Amino acid sequence: MTFGRFKSRTFRRLKVKTPGAKTVLHYKRRKPKAASCSECSAVLKAVPRGLPYQMRTLPKTKKRPERPFGGNLCSQCMRRLFVAKARVVQQ
């Protein structure tokens, strides 16, 4: 019989084969939704999908890309923003 906390769908069920050739269920926490761009809602690349306790242990450079607006905007939206700013400054 499973524990009460494992009955909810918060945990995903993985079928794992043990060395004794039995298949057992392992319960793992689901991953959170992938980070998305604040302008176009595209999925951000190079941003890990970790639970808060996993993200806390990562160094800052592993949490988002090393570029302006890294972790907030996708590269296309970032470029579009810089081009728009350059046009305003030029005029």
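The values are calculated or read from the model by the stated rules, or taken from the named source; none is laboratory data. Remember, predicted model here, so these are calculated numbers, not experimental data. FYI the Cβ positions are ideal-geometry reconstructions off the backbone, even for glycines, and counts take in every protein chain you see.
Among the conditions (1) surrounded by 14 or more Cβ atoms within 10 Å (Cβ to Cβ); (2) within 28 Å of S8 (Cα to Cα); (3) more than 16 Å from the chain's Cα centre (by Cα), K28 misses just one, which is (1).
Among the residues of the range 76-91, not a single one is surrounded by 14 or more Cβ atoms within 10 Å (Cβ to Cβ) and in contact with a helix residue (DSSP H, G or I) (Cβ under 7 Å, 6 or more places away or on another chain).
Criterion first (among the hydrophobic types (A, V, I, L, M, F, W, C), more than 14 Å from the chain's Cα centre (by Cα) and outside the structural domain of F3 (by TED's automatic domain parsing)) does M78 satisfy it?
Spelling it out, M78 is indeed among the hydrophobic types (A, V, I, L, M, F, W, C), more than 14 Å from the chain's Cα centre (by Cα) and outside the structural domain of F3 (by TED's automatic domain parsing).
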